[in-house]
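Enquirer: Just passing along the structure, written as structure tokens.
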Amino acid sequence: MMNKSLNCIKNRFFPLGTAAVVLLMFVVPIHSKVAHAVPTQIEQNSYFFEELLKSCQASYLKKVSMQSLIRAGLLSFVEESGCVLHWGSGKIKVRCYHETVTHDLPLDAADDGAKLLARVILLNTVSKSSVQSLREAVAKGIVNSLGDPFTAYLAPGEVQQLKRYGHWSVGVAMDPKHPDRVHGVRPGSSADMRGVFVGDRLLRVDGQSVNGKYYSEMSAILVGPPEERVTIELSRDDGIHRFQLNRSDEESIPIWAQKIHKDLLYMRPGKFDNGMADTMWVQLAAHAQVKGVILDLRHNPGGLLSEGISFLNGFVGEGALGSVHPRAGHPVQSYKASQAHVLSELPIVILVDGGTASVAEFVALVLKERLGAALVGQSTLGKGRVQRVISLPDSGAMRISVAELVGPSGQRIKKSLEVDHFLAPAAGNTAISGKNPAEDSWVAFGVGLLRKK
């Protein structure tokens, strides 16, 4: 009886017999190993480059050919490695010492280009560069070939540095077109107090040369732990200067609204983060019956476009508030005022400088075009972009511009917004560094303009 039951079970669950059971015991582990095989170094690098190339071509705000991206990557490789590239006569050749990799032209598929790049970075038999440093150099070359200083590949180490200390820097904004030039100095920062000036050329940071660094790399170099002092070396007309600087929280700009001179309103909105506009307008409820507004956007990094639009709704009661223009062939997103304005028909003076960027620039442009606001101070950064951050397989990331911010009249912020009234850097106490606005020379100039209106 027991044997009959066992045979029944065996026939039900193992109809092929005991031999099949033995075979399965050996076959399953073999298949399991194949399915979970560790990718080779070429496969890993190929996957990374393919994701990078596809993201550049699909997301960037302008159309770009795949072949131009691949060529840029190869040029960066030979510059970093010392190898030789021949591109022409229907063929690509990369020669490193006694090894050569070839590929037919045209080369317009991301997977083919990725495989080629993955192979050539393993050819490096002459240079002392590691495969990782070569991969990062190639990635930076590809992304920087797009021609946008705000679009950048961030290596894994840079991603971690910016995640941990991204808000902590020395108080300078570098020039996107000339990354070693100081474009703006945050009032009250260590750089400001020590005597760093707009136009200074940065030579070294903690002994490390910044020659040839991209704009995005400069940001990663200048940020770091708040407790560490930073030694910078810079040049100006009167020679070489060295400064030891302290880092401060660059995005710590408390929301501030207060009456000055009895009938004027000083406003400092802070970074355009979630809820900023609502907080700003709650504060304004206590400051009615004003005759003019000074809006302080100095060294404001921007933030969320949605908050910028909500903020503008408090000034502009109806009509266009500008638009977002992605690459050709994609729909334009237009914005219009959607609620009753809080501060209607008031004269406005906007304080800006080289650190005023992105959504802060957009807000300034809209108020200038719609309400005739006067821009006072120094030219802005010129970052009129909407950006995305794309994670990459190497634990790095790409910060990429996907659209342009456009004012109500159609003006794009392709370069710095120029001011109506240029001012020299404010000396001593400034409102943005937490001092009384009445002690700020730029605010005083704005008050004078409002009194004339």
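Enquirer: With Val349, Val342 as the choices, which residue is surrounded by fewer than 18 Cβ atoms within 10 Å (Cβ to Cβ) and either at pLDDT below 90 or not in a loop (DSSP other than H, G, I, E, B) (or both)?
Expert: Details: Val349 fails: surrounded by fewer than 18 Cβ atoms within 10 Å (Cβ to Cβ).
Just a single option satisfies the conditions, and that option is Val342.
Enquirer: Could you look through segment 377-419, keep only residues that are closer than 24 Å to Gly317 by Cα and β-branched (Val, Ile, Thr), and pick out the one that is surrounded by the fewest Cβ atoms within 10 Å (Cβ to Cβ)?
Expert: For segment 377-419, the residue satisfying everything is Val406.
Enquirer: Evaluate the following for Val170: is it of a type in the set (A, V, I, L, M), surrounded by fewer than 20 Cβ atoms within 10 Å (Cβ to Cβ) and not assigned by TED's automatic domain parsing to the domain that holds Ile400? Give the derivation first.
Expert: Working: of a type in the set (A, V, I, L, M): yes; surrounded by fewer than 20 Cβ atoms within 10 Å (Cβ to Cβ): no; not assigned by TED's automatic domain parsing to the domain that holds Ile400: yes.
Considered against the rule, which asks whether it is of a type in the set (A, V, I, L, M), surrounded by fewer than 20 Cβ atoms within 10 Å (Cβ to Cβ) and not assigned by TED's automatic domain parsing to the domain that holds Ile400, Val170 comes out as no.
Enquirer: Name the residue that is surrounded by the fewest Cβ atoms within 10 Å (Cβ to Cβ), counting only residues in segment 252-273 that are part of a loop (DSSP other than H, G, I, E, B) and either touching a strand residue (DSSP E or B) at 6+ places or on another chain (Cβ under 9 Å) or modelled with pLDDT of 90 or more (or both). Steps first, please.
Expert: Going through segment 252-273, the residues part of a loop (DSSP other than H, G, I, E, B) turn out to be 252-255, 261-263, 269-271, 273.
Still in the list and also either touching a strand residue (DSSP E or B) at 6+ places or on another chain (Cβ under 9 Å) or modelled with pLDDT of 90 or more (or both): 253-255, 263, 269-271, 273.
Details: Ile253: 20, Pro254: 7, Ile255: 17, Asp263: 11, Pro269: 24, Gly270: 17, Lys271: 19, Asp273: 13.
Checking each candidate, the answer is Pro254.
Enquirer: Of all residues in segment 384-431, how many are in a loop (DSSP other than H, G, I, E, B), at pLDDT 95 or above and within 16 Å of Tyr60 (Cβ to Cβ)?
Expert: So the answer is 1.
Enquirer: Give the residue that is farthest from the chain's Cα centre (by Cα), with candidates limited to residues of segment 196-223 that are at positive phi and at pLDDT 90 or above.
Expert: It comes out as Gly207.
Residue-by-condition table, conditions (1) surrounded by 13 or more Cβ atoms within 10 Å (Cβ to Cβ); (2) among the hydrophobic types (A, V, I, L, M, F, W, C); (3) within 14 Å of Ala139 (Cα to Cα); (4) at pLDDT 95 or above:
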| position | (1), (2), (3), (4) |
| --- | --- |
| Pro29 | no, no, no, no |
| Glu50 | yes, no, yes, yes |
| Val84 | no, yes, no, no |
| Trp87 | yes, yes, no, no |
| Glu99 | yes, no, no, no |
| Val120 | yes, yes, yes, no |
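Enquirer: Cβ-Cβ distance below 6 Å, separation of 6 or more or different chains: which pairs start in segment 166-177 with a residue that is farther than 16 Å from Lys383 by Cβ and end on one that is hydroxyl-bearing (Ser, Thr, Tyr) and outside any loop (DSSP other than H, G, I, E, B)?
Expert: Val170/Ser190; Gly171/Ser190
Enquirer: Within segment 225-240, which residues are in contact with a helix residue (DSSP H, G or I) (Cβ under 9 Å, 6 or more places away or on another chain) and buried (at least 19 other Cβ atoms within 10 Å of the Cβ)?
Expert: Val230, Ile232
Enquirer: Follow-up question, since we're still on this one. Checking the condition assigned to a helix (DSSP H, G or I) and either among the polar types (S, T, N, Q) or closer than 17 Å to Arg247 by Cα (or both), which residue from Leu162, Leu202, Leu134 passes? Even if it seems obvious, please write down each step before you answer.
Expert: Values: Leu202 fails: assigned to a helix (DSSP H, G or I); Leu134 fails: either among the polar types (S, T, N, Q) or closer than 17 Å to Arg247 by Cα (or both).
Just one listed residue meets the conditions, Leu162.
Enquirer: Here is a follow-up. Which residue, of Ser189, Ser219, Ser235, is outside the structural domain of Lys271 (by TED's automatic domain parsing) and touching a Gly at 6+ places or on another chain (Cβ under 6 Å)? It would help to see each step written out before you state the result.
Expert: Details: Ser219 fails: touching a Gly at 6+ places or on another chain (Cβ under 6 Å); Ser235 fails: touching a Gly at 6+ places or on another chain (Cβ under 6 Å).
Unique residue meeting the criteria: Ser189.
The values are calculated or read from the model by the stated rules, or taken from the named source; none is laboratory data. Small disclaimer: the values here were computed from a predicted structure and weren't measured. Glycine gets a Cβ as well: all are built from the backbone with ideal geometry, and neighbour counts include every protein chain shown.
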